[in-house]
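Structure first, commentary second.
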Amino acid sequence: MTIDTAEYRLPPGPKTPKLLNGVTFLVARNAMIKRLQRRYGDEVSIEMPGLGHMVLVSTPELVKAVYTAKPDVLHAGKNPLGEVLGPGSLFSMDEERHLRERRMLLPPFHGERMRSYEAIIEEEATRGMAGWADGVEFASIESFQAITLRIVLRAVFGAEGRELAELEKLLPPMTTLGQKLVTVPIMRRDWGRRSPGARWKRMHARYLRLAHKLVDDHLADPNLTERIDILALMLRAQLEEGGEVDRAETADELLTLLVAGHETTASALAWSVERLRRHPEVLRRLEGEARGDDNALRLATAEETLRVRPVINATARLVMKPFDLGPWRVPPGHRVVTGIALMHRDDRFHAPARAFEPDRYVGKKPDTYAWIPFGGGVRRCLGAAFAQFEIDVVLRTLLRNFELRPTNAPSEREGFRGVAFAPAKGGVAVVRRRALPLDEGVAVAAESEPAPAAAP
């Protein structure tokens, strides 16, 4: 697109070829973005293959401008993830259709309705941790992936019996392959039976059969109005509007909720383990809190973990109409990207940014436009509250039933998994099972010691 420099104003940026930029981004995206910020400042222009011209911003003021822009000015529906998930996915929608779908899906993820899933979360966390062996190192993310998958399948899909077992077997390899297709779009093409694109088609067809079966079973259930799973709530909302249930669109939305609430939450839990093992003073205080019903420190710890180790490091919008962004004016066809990781690790907004200090959020909500692990505005992650609730319950279950052993090992590096960033070694854990859960009043040696003050 030819830009009229008299009408538009773009921030500075590198003149390197877009193919080179793309390769560098795939290999070391966080290091690349940080390097761009150091050289060009908080606003950078860059061209990327497949995405075109982009403007990266990393200050709360400009992030607010992006997240509060009118839905017809900035779109988010044209993106690699939405293309893989399908046209019925919330990730593929914009403007009125997106807002309408979001209004239908939002209620189950808040308030008392959300808390009705606590028993499922605790049950699946206990089940998933049952095989943990004392004193043996293991990658915690594998257990957390299994836990969060079953939580989604039960609480969101309402799956049980045969369908639950089949989806539990199908979805892990399917989501792993899907992440590769999101990262490298050319892999989506069908190059032959064994190609990634062809395998995705077969997996997706099988998924659709199972999802349609779940929809049909729900619709045939005489107790549909009493079910609490999110699929039941979605179907009731569609029926109340007087329209027919669109099975294909419902299947796309279920897959969207799986992607949004499975891999990302598992990564956040693995990061929680990785951080707590390296901050034993916080871990001891959390163990003390877990003996009762308070969770202020645990919630703050989850928020601090999401700040120092965000599982999503950026969000993007496509400019549809001329967009004024601080001193800049961005033309249609460009993308505006908010640098989540850049802001989260900036001393100007979170001093001291490199320190792991959960106390900064005890009794205090993070800033809406400086703490953005779930994005923001009308495109903020639909299941953000549910994810935080799930992390809280899973961590509580872990702390009450296991001693998590601290370590002096170096911090784990970030590993990109196609959608989310997770500990490169999987959040290595070493645990010892407690004789009795902490909430049953077990006296342990640490109980007689005063809780240390928060780390400076």
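Right, residue 78: surrounded by fewer than 20 Cβ atoms within 10 Å (Cβ to Cβ), assigned to a loop (DSSP other than H, G, I, E, B) and not β-branched (Val, Ile, Thr) or not?
yes
Quick one: in the stretch 401-416, which of the residues that are of a type outside the set (Ser, Thr, Tyr) and under 13 Å from residue 270 (Cα atoms) is surrounded by the fewest Cβ atoms within 10 Å (Cβ to Cβ)? Once the filter is applied, the top-ranked residue is 413.
Answer yes or no as to whether residue 455 is within 31 Å of the chain's Cα centre (by Cα), at pLDDT 95 or above and either surrounded by 12 or more Cβ atoms within 10 Å (Cβ to Cβ) or at positive phi (or both). No: the conditions fail for residue 455.
Filtering the stretch 184-224 to residues that are loosely packed, with under 15 Cβ neighbours inside 10 Å and β-branched (Val, Ile, Thr) leaves 184, 186. Take the residues of the stretch 296-314 that are under 15 Å from the mean Cα position of the chain (by Cα) and of a type in the set (Gly, Ala, Ser): which is surrounded by the most Cβ atoms within 10 Å (Cβ to Cβ)? Among those that are under 15 Å from the mean Cα position of the chain (by Cα) and of a type in the set (Gly, Ala, Ser), it is 302. Quick check on the stretch 176-183. Is at least one of its residues small (Gly, Ala, Ser), touching a Leu at 6+ places or on another chain (Cβ under 9 Å) and closer than 17 Å to residue 248 by Cα? Checked against the condition, which is being small (Gly, Ala, Ser), touching a Leu at 6+ places or on another chain (Cβ under 9 Å) and closer than 17 Å to residue 248 by Cα, the stretch 176-183 yields no hits at all.
Residues in the stretch 81-100 that are of a type in the set (Asp, Glu) and in contact with a Gly (Cβ under 9 Å, 6 or more places away or on another chain): 94, 95.
In the stretch 107-223, counting only helices (runs of 4 or more DSSP H) that sit wholly within it, the ones holding 3 or more residues that are among the charged types (D, E, K, R) and at pLDDT 95 or above span 118-129, 140-155, 161-183, 196-220.
Scan the stretch 115-129 for residues that are of a type in the set (Ser, Thr, Tyr) and free of Cβ contacts under 8 Å to residues at least 24 places away in the same chain and the total you get is 0. Checked against (1) among the aliphatic types (A, V, I, L, M); (2) surrounded by 20 or more Cβ atoms within 10 Å (Cβ to Cβ); (3) at pLDDT below 80, residue 445 passes all but condition (2). Does residue 374 fit the bill of being touching a Cys at 6+ places or on another chain (Cβ under 8 Å), at pLDDT 95 or above, in a loop (DSSP other than H, G, I, E, B) and not hydroxyl-bearing (Ser, Thr, Tyr)? So residue 374 passes the test. The residue that is nearest to residue 435 (Cα to Cα), counting only those in the stretch 376-400 that are in contact with a strand residue (DSSP E or B) (Cβ under 9 Å, 6 or more places away or on another chain) and buried (at least 22 other Cβ atoms within 10 Å of the Cβ), is 398. Does residue 116 meet the test of being crowded, with 19+ Cβ neighbours inside 10 Å and either among the hydroxyl-bearing types (Ser, Thr, Tyr) or farther than 30 Å from residue 275 by Cβ (or both)? Spelling it out, it is not the case that residue 116 is crowded, with 19+ Cβ neighbours inside 10 Å and either among the hydroxyl-bearing types (Ser, Thr, Tyr) or farther than 30 Å from residue 275 by Cβ (or both).
The values are calculated or read from the model by the stated rules, or taken from the named source; none is laboratory data. Remember, predicted model here, so these are calculated numbers, not experimental data. Every residue, glycine among them, receives a Cβ derived from its backbone with ideal geometry; neighbour counts consider all protein chains shown.
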